[in-house]
1. I'm a student and want to see the number: the projected area of the Cα convex hull of segment 38-84, averaged over all directions, in nm².
2. By how many nm would the segment from Q57 to K75 grow when fully extended, if each residue of separation counts as 0.36 nm and the alpha-carbon distance is taken off?
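Taken together, the values in this text are just the output of simple stated rules run on the coordinates, not laboratory data. Every value quoted in this text rests on a predicted model; they were computed, and no experiment measured them.
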Amino acid sequence: STDNAPEDDAPNRYSRTERTTYSRYSRDANSSGSSLPSNTLEKRIEELERELAKERQENARLMKMTQDKEELIGKLKEEIDLLNR
């Protein structure tokens, strides 16, 4: 059950950052009088959020692969030790 802990923590770790980033974009767009319409900024934010979600999934997949390979290495080392005896 501890194997899934890093993956489970990933969305929680980033959610606060996302909210902060989103509110920062909203504030900047409203206060700076940006030439881009807020609708364009909202679409860009949504696009970036989708991209971020994909990257998180890929990161979780790669972390799982790494963990699996580390476990395999440990088992193979144990087997080598047994064979050497």
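1. If you wrap the Cα atoms of segment 38-84 in a convex hull and average its projections, you get 2.9 nm².
2. Stretched fully, the Q57-K75 segment lengthens by 3.8 nm.
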